[in-house]
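*Asks:* Have a look at this one.
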Amino acid sequence: MNHILSLHPYAGETIGSIIDFSLTLKQYRRIMPFREALRGHTIALIFEKPSTRTRASMSVAAAELGATPIYYRRDELQLVRGEPVKDVARVLSRYHSLLAARVYSHDTLVEMAEYSSVPVVNLLSDKYHPLQALADYATIKEKKGRIKGIVIAFIGDGRDNVFNSLAIAGAKLGARVRVASPPGYEPTPSLLGEAYGHVEVYRDPCEALKGADVVYTDVFVSMGQEEEREKRLRAFLPRYQVNSRLLECVGKDDFIFMHCLPAHRGEEVTDDVLESRYSVVFDQAENRLHTAKAVLLFLLKNMLPRQKDSIIPAPREL
Ligand code: CP
Ligand code: NVA
């Protein structure tokens, strides 16, 4: 059984196929391909933290494929009264075809996967955000036409969940991932595994940005890190803020700006950069939907086309 807790176990070819499949699903969305493919399936969406994109994209993806998403807030489950994760996983996996969860501790997902009888998907943990990385690379492929050799400069926390998944997928797909972080926030081998050796580590954000095709940042204070807010802002600001002056370091005009959202405008990025012609953040957010669909079809129907056009049925079959 396949779980997606992180992209570590997946080959670049598999990740690349999911990305291509997503872009095909996007292209054909108007004719609603596979609208009955998951009929009869229900999908559990368990959230310990807030969400806009992840909850909405997974819910709509399920609905557009004929499945029913069921949303569970942690504080409405017996988990909050101490029911063990392993019991919740064993019970919910008898009802649902797939358990997807956004958790504080990655260990919660590992335990869920150990006890679940159906696939478990990480909707963001303190360590990884694999579905975000799939949408990120789908966006890069869409905007730049390729992934291999593309230079991505991530400015910010080198231990951030979004960065970790970006770096892991990037290493497998042949992207060149750079990161510029202040002391104490550099990437770590314990989170990146083999991908660590592929990441180009910088202290100076301007150096990291030189010639980049993609400029990426995420919040300096993630969900669950609120108590460290002052310390973190002192470490990152003002040097690591992506603003129009810093972007001059890129030295060319055909780069794109990416952010997983939600953004803290005025902290990691300025409003004018987010709203600039370089910014692709809303296409990136939309791509969460198309990648979510590809992931559901991959996990529940074992669909993973190699030829991107061969998978859409002829119109008469729809
Ligand atoms: N990018 C992302 O995961 O957004 P949400 O927190 O709104 O789900
Ligand atoms: N790093 C952020 C990502 C939010 C989508 C967080 O964990 O809060």
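*Asks:* Would you order Phe34, Phe163 from fewest to most other beta-carbon atoms within 10 Å of each residue's own beta-carbon? Before the final figure, lay out each step's value.
*Replies:* On the way: Phe34 20, Phe163 30.
Going from least to most buried by this count: Phe34, Phe163.
*Asks:* Now a separate question. For each of Asp160, Asp126, Asp107, count neighbouring Cβ atoms within 10 Å of the residue's Cβ, then give the residues from fewest to most. Working shown, then result.
*Replies:* On the way: Asp160 27, Asp126 21, Asp107 13.
The most exposed by this proxy come first: Asp107, Asp126, Asp160.
*Asks:* Report the paramagnetic label zone for Arg73: residues of the range 28-45 whose backbone N is under 17 Å from a point 7 Å from Cα along the Cα-to-Cβ axis.
*Replies:* Hits in the range 28-45 for Arg73 at 17 Å: 45.
*Asks:* Angle, helix 85-95 long axis vs. longest principal axis of the chain, Cα atoms, 0 to 90°, nearest 10?
*Replies:* 50
*Asks:* Round to the nearest 10 and give me the degree value, 0 to 90, for the angle of helix 12-27's Cα axis relative to the longest principal axis of the chain.
*Replies:* That helix lies at roughly 80 degrees to the long axis.
*Asks:* Grab the Cα-Cα distance for Glu226 and His198, subtract it from 0.36 nm times how many residues apart they are, and report the gain in nm with one decimal.
*Replies:* On the way: separation 28, 0.36 × 28 = 10.08 nm, distance 3.05 nm.
Result for the pair: 7.0 nm of gain on full extension.
*Asks:* Work out, step by step, the length gained on full extension between Lys86 and Thr14: first 0.36 nm times the residue separation, then minus their alpha carbon distance; give nm to one decimal.
*Replies:* Values: separation 72, 0.36 × 72 = 25.92 nm, distance 2.92 nm.
Taking 0.36 nm per residue and subtracting the Cα distance, the gain is 23.0 nm.
*Asks:* Okay, moving on. Give me the distance in nm between label points sitting 7 Å out from Cα along the Cα-to-Cβ direction at Ser105 and Thr52, one decimal.
*Replies:* For Ser105 paired with Thr52, the spin-label model returns 3.0 nm.
*Asks:* Going by C-beta contacts inside 10 Å, put Lys141, Lys86 in order with the fewest on the left. Present the calculation step by step, with values, prior to reporting the outcome.
*Replies:* On the way: Lys141 19, Lys86 13.
Arranged by neighbour count, lowest to highest, Lys141, Lys86 become Lys86, Lys141.
*Asks:* Additional query: In the chain, what cysteines have no partner Cβ closer than 4.7 Å?
*Replies:* Those would be Cys260, since no other cysteine Cβ in the chain comes under 4.7 Å of theirs.
*Asks:* Under 30 Å from the Cα of Lys127, which lysines turn up, not counting those fewer than eight places away in the same chain?
*Replies:* Lys26, Lys49, Lys86, Lys141, Lys143, Lys144, Lys148, Lys172, Lys210, Lys231, Lys293, Lys301
*Asks:* Using only the Cα atoms of the chain, build the gyration tensor, take square roots of its eigenvalues as a ≥ b ≥ c, and label the shape rounded, prolate or oblate: rounded if a/c is under 1.5, else prolate if a/b is larger than b/c, else oblate.
*Replies:* On the way: a/c = 1.90, a/b = 1.29, b/c = 1.47.
Note, shape of the chain comes out oblate.
*Asks:* Mind checking the angle between helix 281-301 and the chain's longest principal axis? C-alpha axes, 0 to 90 degrees, to the nearest 10.
*Replies:* 40
*Asks:* Please identify the trypsin sites (Lys or Arg not before Pro) of the range 144-192 that satisfy two criteria: DSSP loop assignment and at most 16 other Cβ atoms within 10 Å. Which are they?
*Replies:* Values: sites: Lys144, Arg146, Lys148, Arg159, Lys172, Arg176, Arg178; in loops: Arg146, Lys148, Arg159.
Counting only loop positions with at most 16 other Cβ atoms within 10 Å, the trypsin sites (Lys or Arg not before Pro) in the range 144-192 are Arg146, Lys148.
*Asks:* Report the Stokes-Einstein translational diffusion coefficient (µm² s⁻¹, integer) for the range 188-318, Rh taken as the Kirkwood radius over Cα pairs, at 37 °C with viscosity 0.692 mPa s. Numbers along the way, then the final one.
*Replies:* Numbers: Rh = 17.8 Å.
In µm²/s, the coefficient is 185.
Read-outs throughout are calculated quantities, based only on the coordinates presented, and are distinct from any laboratory measurement. Since we're looking at a predicted model, the values are computed, not measured. FYI the Cβ positions are ideal-geometry reconstructions off the backbone, even for glycines, and counts take in every protein chain you see.
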